[in-house]
1. Please give the contour-minus-distance gain from residue 94 to residue 46: 0.36 nm per residue of separation, less the Cα-Cα distance, rounded to one decimal in nm.
2. Using θ = phi - 60° and the Karplus curve 6.51 cos²θ - 1.76 cosθ + 1.60, what whole-Hz ³J(HN,Hα) does each residue of the stretch 144-150 get, with Gly and Pro shown as x?
3. Please flag any cysteine in the chain that has no other cysteine's Cβ under 4.7 angstrom from its own Cβ.
4. Which value in Å does the Kirkwood hydrodynamic radius of the stretch 3-50 take, with 1/r averaged over all unlike C-alpha pairs and then inverted?
5. For the chain, how big is Rg over Rh, using alpha carbon atoms and the Kirkwood form of Rh?
6. Post the alpha-carbon centroid distance, the stretch 114-128 to the stretch 1-50, in whole angstrom.
7. What do you get for Rg/Rh over the stretch 106-207 if you use C-alpha atoms and the Kirkwood form of Rh?
8. Please enumerate, by chain and number, the aspartates and glutamates with C-alpha under 19 Å from the C-alpha of residue 191, excluding those fewer than 8 residues away in the same chain.
Amino acid sequence: MNCNIIKDLLPSYADGVCSDETRKVVEEHIQECAKCRSLLTMLQQEITYVQPLPEEVKKAISPFKKINRRRYFNIIAAVAITFMVMVIGMSIYQNVGVVHNFFSPSQWGNVVIASEEDEWQQVDFSIFVDEPQDYVMFDSVFWKKAVVNVAGSDGDIRLRIKDDSGQIIIDDVTIKEGARLELKELKRNKKYYFEIQAPPGRYSINAI
Ligand SMILES: [Zn+2]
């Protein structure tokens, strides 16, 4: 049988709509002819690709599609809500002084050194506090327990810290202007008195 005739018959054979005689002829031919056999294979593959999904399969898939869409929406909503809460939280933290002070406590101290002398001078922590205060108390877990020689002070300072029995806890540490000293050894809920020595000038320190 001629390959060209078989080629004409192959589509209907692949679709399964040919007569029994045609089927027989095609099958006989493709057993012998590799070219027509591969043509048939290609045709059959094309048919499977083109065939749409059967209705039952579509019906079975669609609820999953819906669930996926809802889950996707939930994830987006969760992300959006988290973001909003963060933004609101940050703006409360930054704008509401009480909240800010609670989570980032700090206490500002001031010393004015008038003359050149080798004496320790006590830091006054009364700025931004209603009552005069000469001590620092790390009374919550939010204290970082550190002290900063605030940038803008008139220079480096030497610092020592006493507890309320007068015992020196930290002795004579130099803190450069703008630098920070960790005070991990200080305990919570105890009063500490800060003293500094420095050349004449104005010094600001910040206990944080
Ligand atoms: Zn052939």
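1. 10.8 nm
2. Rounded to whole hertz, the list is 7, 6, 8, 9, 10, 7, 4.
3. 3, 18
4. Taking the inverse mean of 1/r over all distinct Cα pairs, the stretch 3-50 comes out at 10.6 Å.
5. On the way: Rg = 42.4 Å, Rh = 24.9 Å.
Here the Rg-to-Rh quotient is 1.70.
6. Spelled out, the Cα-based centre of one part sits 104 Å from the other.
7. Across the stretch 106-207, the Cα-based Rg/Rh ratio is 0.93.
8. Answer for residue 191, where 19 Å is the Cα cut-off: 124, 130, 131, 134, 139, 163, 164, 171, 172, 182, listed by chain and number.
Any read-out appearing in this document is the output of simple, stated calculations on the displayed coordinates, not a laboratory observation. The model shown is predicted, which means the values in this text are computed figures rather than measured ones. So basically every Cβ, Gly included, is an ideal-geometry build from the backbone, and we count neighbours across all protein chains shown.
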